[in-house]
1. Any residue at all in the stretch 230-250 that's hydrophobic (A, V, I, L, M, F, W, C), more than 22 Å from the chain's Cα centre (by Cα), surrounded by 24 or more Cβ atoms within 10 Å (Cβ to Cβ) and not in a loop (DSSP other than H, G, I, E, B)?
2. Could you count how many residues in the stretch 265-279 are closer than 25 Å to V317 by Cβ, part of a helix (DSSP H, G or I) and either open to solvent by 60 Å² or more (accessible area, probe 1.4 Å) or among the polar types (S, T, N, Q) (or both)?
3. Scan the stretch 280-306 for residues that are aliphatic (A, V, I, L, M) and either open to solvent by 10 Å² or more (accessible area, probe 1.4 Å) or assigned to a strand (DSSP E or B) (or both) and jot them down.
4. In the stretch 123-139, which residue that is more than 14 Å from the chain's Cα centre (by Cα) and either surrounded by 24 or more Cβ atoms within 10 Å (Cβ to Cβ) or at pLDDT below 95 (or both) is nearest to A166 (Cα to Cα)?
5. Within the stretch 163-204, how many residues turn out to be open to solvent by less than 50 Å² (accessible area, probe 1.4 Å) and either in contact with a Pro (Cβ under 7 Å, 6 or more places away or on another chain) or assigned to a helix (DSSP H, G or I) (or both)?
6. Working only within the stretch 98-129, note down all residues that are among the acidic types (D, E), out of contact with any Lys or Arg (no Cβ under 8 Å at 6 or more places or on another chain) and more than 16 Å from G244 (Cβ to Cβ).
7. Restricting to the stretch 205-228, count the residues that are open to solvent by 60 Å² or more (accessible area, probe 1.4 Å) and under 27 Å from D293 (Cα atoms).
Amino acid sequence: MQGTNSGKKPMGRLLKATIWVVSVIVVIVLTAAVFQKQVLTTVATKIIQERFLRQAHKNDDGLYAGLAGTGAPFPDINRVGPCIVVEAGGRLYIIDAGPGSARNIGLMGFDIAKVEAILLTHFHSDHIADLGEMMLQRWAGGSNAKPVDVIGPKGVETVVEGFNHAYSLDAGYRVAFHGAATVPPSGAGGTARPFSLSSAEEASVVLVDEGGVKITAFKVNHSPAYPAVGYRFDYKGRSLVVSGDTVPCQSLKKQSQGVDVLFHEAQQPSMIKMIHDQAGLSPNPSLAKITADIPGYHTAPEDAAKIAREASVKHLVLYHILPPLPPVLNHMFLGDTAKYYNGPITLAVDGMLISLPANSDKISIKQILK
């Protein structure tokens, strides 16, 4: 009997030890779960705070250009459709509404609810596709009671009317759900503000001239997309030009005289030809024809460089990059640009912010989206 009892004692101790170990493990697991939840909650809160604080950031007085979209119609992992946000003296404007760009505007920290106007260079789909989203976010994000102005050459009425109609059901749903105080029905959509240009090759018109901000629209050549325009911004001794889509033209050169930054569209013909030569491998039956056509109404980087030199531009930024460009091919894309312009050339990617402080000659570039 004594031997039997002594055998049970080790078994009892083993059972107790096992229960103790399991209990400790359970406590550790539960503690870790609670701790992990607290850590994740703290991290998530910090991310939310950072996002809101980024949207509330204040730039020093000056002229700023945020590149929310620097690509073209071909899919590009580094670039969505063309869109440049311009801030002048705290006033916000958007140039073009390429697909995907509306989200980048928010990610870059610009408050789209405060946008005064959206300016369109022309009406190709890759420049207008996100217009509906921009109008929606500007309305609902700021409880705006007036639609945003959408400025463009003749034809902008058709574009705005179409987006307003397409988003009309959505607007009704949002008013019904959030209430008119949050999303005033009167502020949905956009209001077309067309302007006219004379038949002169170098025609231009001043659209805004108040509070030190001057915006000039000028004719460019993107035929058969007509009319097509570029825009020049001036504010407190600083200036920039956005070309829109165009072949080299005299009006663009004239408007770019002495500007701090020229944002010029760029397509490398030699690389487009490489795609054209291999188009037979693509299931897209129209690719060969399209790649044969498009060099005829865009500008090569070398030609943009010539314009920058002849106009005494201080810094050339190439955007609307075509074809899609992995960074390893940047040098190939730039080609012989250095032969024609000895100033700085930046090959744009989404998320860049170009800063031009007021009454200064400083030009700084930083990457906001990483």
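The values are calculated or read from the model by the stated rules, or taken from the named source; none is laboratory data. Everything quoted here is computed from the prediction, not taken from an experiment. Every residue, glycine among them, receives a Cβ derived from its backbone with ideal geometry; neighbour counts consider all protein chains shown. Accessible surface areas use protein heavy atoms only, side chains included; no ligands, DNA or RNA. Shrake-Rupley method; radii C 1.70, N 1.55, O 1.52, S 1.80 Å.
1. Residues of the stretch 230-250 hydrophobic (A, V, I, L, M, F, W, C): 233, 240-242, 247, 249.
If we keep only those that are more than 22 Å from the chain's Cα centre (by Cα) too, we end up with 247, 249.
Next cut, surrounded by 24 or more Cβ atoms within 10 Å (Cβ to Cβ) only: none.
No.
2. So in the stretch 265-279, the residues closer than 25 Å to V317 by Cβ come out as 265-275.
Adding the requirement that they be part of a helix (DSSP H, G or I) leaves 269-275.
From what is left, the residues that are either open to solvent by 60 Å² or more (accessible area, probe 1.4 Å) or among the polar types (S, T, N, Q) (or both) are 270, 273-274.
Within the stretch 265-279, residues that are closer than 25 Å to V317 by Cβ, part of a helix (DSSP H, G or I) and either open to solvent by 60 Å² or more (accessible area, probe 1.4 Å) or among the polar types (S, T, N, Q) (or both) number 3.
3. In the first step, residues of the stretch 280-306 are kept if they are aliphatic (A, V, I, L, M); the result is 281, 287-288, 290, 292, 294, 300, 304-305.
If the condition is that a residue be aliphatic (A, V, I, L, M) and either open to solvent by 10 Å² or more (accessible area, probe 1.4 Å) or assigned to a strand (DSSP E or B) (or both), then L281, L287, A288, I290, A292, I294, A300 are the ones that fit.
4. Within the stretch 123-139, the subset more than 14 Å from the chain's Cα centre (by Cα) is 123-125, 132, 135-139.
Filter once more, so that each one left must be either surrounded by 24 or more Cβ atoms within 10 Å (Cβ to Cβ) or at pLDDT below 95 (or both): 135, 138-139.
Values: M135: 12, R138: 17, W139: 15 Å.
If we take residues in the stretch 123-139 being more than 14 Å from the chain's Cα centre (by Cα) and either surrounded by 24 or more Cβ atoms within 10 Å (Cβ to Cβ) or at pLDDT below 95 (or both), then M135 is nearest to A166 (Cα to Cα).
5. Counting residues in the stretch 163-204 that are open to solvent by less than 50 Å² (accessible area, probe 1.4 Å) and either in contact with a Pro (Cβ under 7 Å, 6 or more places away or on another chain) or assigned to a helix (DSSP H, G or I) (or both) gives 12.
6. Of all residues in the stretch 98-129, those among the acidic types (D, E) come to 111, 116, 126.
Narrowing the set further to residues that are out of contact with any Lys or Arg (no Cβ under 8 Å at 6 or more places or on another chain) leaves 111, 126.
Selection gives D111 alone.
7. Residues of the stretch 205-228 that are open to solvent by 60 Å² or more (accessible area, probe 1.4 Å), as a first pass: 206, 209-211, 214, 221, 223-224, 226.
So of that shortlist, the ones also under 27 Å from D293 (Cα atoms) come out as 221, 223-224, 226.
Summing the residues that are open to solvent by 60 Å² or more (accessible area, probe 1.4 Å) and under 27 Å from D293 (Cα atoms) in the stretch 205-228 gives 4.
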